[in-house]
Amino acid sequence: MAAFTAKDVQALREKTGAGMMDCKKALVESEGDIDKAMEFLREKGLASAAKKASRAAAEGTVAAFSTADAAALVEINCETDFVGKNPEFVALANDIAKTVATVKPADLDALNAATLVGGNLSVADSVQELFLKIRENMKLRRFALVEGKAVTYIHAGGTVGVLVEFETDDVTAAKDEFVAMGKNVAMQVAAMSPEYLGKDDISAEELAKMRNIIVESSLNKPETLPKPILTSTFDKAIAAGKFSDADKAAYEEQKNNKFLFNFLSDEAVAALAEVAVANKEEIVANKIFAGATEGRVAKQIKEVCLLEQAFVRTDLFEGNVAGYVANVAKTLDAHIKVKSFIRFAKGEGLEKKADDFAAEVASMVK
């Protein structure tokens, strides 16, 4: 066995962050050669990481980085919230975001193969190096890159990250007022989670689907039907013998009461919904119902479209987001247009493991 000293072990620990026994074993296997020992630890880490790859990694962080002509968002996941807040883990996420904005990779494979900005290892190897220290499954999940004028915002220590792209000139983009406006719009995206930029971005198919959901919901919740249509539906239900004597009496006594449905049985409400659905064609053709439906569609558009949403910072501007941006543009005497936005929420769409501690302990003693 090649000789090595405690200082060699310590040096290897400082370079890799691996445990003392792992470092000693690596030096033994590499006959005291530190470079080979580091390679041994990386290979061992890869094998260990492969074993842990099936473990749920739905925690982590979202990081952002921007320059004058590019901006990036990155999500990197791990198994526990504790590691997600680890300074080295967060620093790696920030470095990867900087790498995206600098290298401008085409996809995840290109990003993983790129050299981490500020280091001499690839992004994939840098993630692997951190795994050697932390020993927890971690994955670089996704990134977004915008080349142009953009503002980024990170909420709650990496829980949500937002990137908003603007169309404007270099002089305007450098102004504090523009940066503040961009951050406020990004905060709106983080808080209100819009699905579309504007109403023109909703396809005809999606709009039809939205309208159909509203129609079906109205028919199945008769209390939401316009009064004339609701009255007609009551008459048809009663004429068809679908109401009990008690429900008929309650209706006659309370039909002008806005809390009428509190006096009806569940069976009566279900019967009304059944009649409404059966008369869908007639109801949908009614101008009053059509108007109410379009009103609800318009309301939903204001909820799901960023530019149509009510601006949450009413202390700065009262109106929608489009109006707020236009107001800032007017103040700066500049052209400013919101082109797109991207929102990453940490772990969204990932299945989180529900740990059963008792079951885990039981399995260990079998």
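Between 67, 61, 5, which is at pLDDT 80 or above, over 39 Å from the mean Cα position of the chain (by Cα) and not aliphatic (A, V, I, L, M)? Give the steps one after another, and end with the answer.
Details: 67 fails: over 39 Å from the mean Cα position of the chain (by Cα); 61 fails: over 39 Å from the mean Cα position of the chain (by Cα).
Residue meeting the stated conditions: 5.
Inclusion of residue 190 among residues that are closer than 29 Å to residue 81 by Cβ and in contact with a His (Cβ under 7 Å, 6 or more places away or on another chain) is warranted. Being at pLDDT 85 or above and either over 28 Å from the mean Cα position of the chain (by Cα) or in a strand (DSSP E or B) (or both) is a description that applies to residue 28. Just give me the residues in segment 123-148 being touching an Asp or Glu at 6+ places or on another chain (Cβ under 8 Å), in a loop (DSSP other than H, G, I, E, B) and charged (D, E, K, R), in sequence order. If the condition is that a residue be touching an Asp or Glu at 6+ places or on another chain (Cβ under 8 Å), in a loop (DSSP other than H, G, I, E, B) and charged (D, E, K, R), then 136 is the only one that fits.
If the condition is being of a type in the set (Phe, Trp, Tyr) and either farther than 26 Å from residue 332 by Cα or in contact with a Phe, Trp or Tyr (Cβ under 7 Å, 6 or more places away or on another chain) (or both), then segment 168-203 contributes only 196.
It is to be established whether one or more residues within segment 131-147 are of a type outside the set (Lys, Arg), modelled with pLDDT of 95 or more and either under 24 Å from residue 14 (Cα atoms) or exposed (fewer than 15 other Cβ atoms within 10 Å of the Cβ) (or both). Yes, segment 131-147 has at least one match. Of all residues in segment 311-346, those satisfying the criterion of being part of a strand (DSSP E or B) and surrounded by 15 or more Cβ atoms within 10 Å (Cβ to Cβ) are 320, 338, 340, 341, 342, 343, 344, 345.
Have a look at 115, 152 and point out the one that is over 22 Å from the mean Cα position of the chain (by Cα) and not acidic (Asp, Glu). Show your work before the answer.
Numbers: 152 fails: over 22 Å from the mean Cα position of the chain (by Cα).
So the residue among 115, 152 that is over 22 Å from the mean Cα position of the chain (by Cα) and not acidic (Asp, Glu) is 115.
Here is a yes/no grid of residues against (1) under 30 Å from residue 336 (Cα atoms); (2) in contact (Cβ under 8 Å) with a residue 12 or more places away in the chain:
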| residue | (1), (2) |
| --- | --- |
| 73 | yes, yes |
| 76 | no, yes |
| 91 | no, no |
| 102 | yes, yes |
| 113 | no, no |
| 121 | no, no |
| 139 | no, yes |
| 143 | yes, yes |
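For residues that are in contact (Cβ under 8 Å) with a residue 12 or more places away in the chain and not hydrophobic (A, V, I, L, M, F, W, C), scanning just segment 272-293, find the one that is nearest to residue 196 (Cα to Cα).
Kept after step one, since they are in contact (Cβ under 8 Å) with a residue 12 or more places away in the chain, are these residues of segment 272-293: 272-277, 279-280, 283-284, 286, 288-289, 292-293.
Among the residues that remain, those that are also not hydrophobic (A, V, I, L, M, F, W, C) are: 274, 279-280, 286, 293.
Working: 274: 34, 279: 34, 280: 30, 286: 30, 293: 20 Å.
Ranking the candidates gives 293 first.
Total residues in segment 118-130 satisfying the condition of being more than 25 Å from residue 82 (Cα to Cα) and crowded, with 17+ Cβ neighbours inside 10 Å: the figure is 0. Among the residues making up segment 62-92, those that are among the small types (Gly, Ala, Ser) and surrounded by fewer than 24 Cβ atoms within 10 Å (Cβ to Cβ) are 66, 68, 70, 91. Filter segment 171-185 for residues that are touching a helix residue (DSSP H, G or I) at 6+ places or on another chain (Cβ under 9 Å) and among the charged types (D, E, K, R) and give the result. Once the filter is applied, which keeps residues that are touching a helix residue (DSSP H, G or I) at 6+ places or on another chain (Cβ under 9 Å) and among the charged types (D, E, K, R), segment 171-185 yields 175, 177.
The values are calculated or read from the model by the stated rules, or taken from the named source; none is laboratory data. Since the structure is predicted, the reported quantities are computational estimates derived from the model, not experimental observations. With ideal geometry, Cβ positions are generated from the backbone for all residues, glycine too; neighbour counts draw on all protein chains shown.
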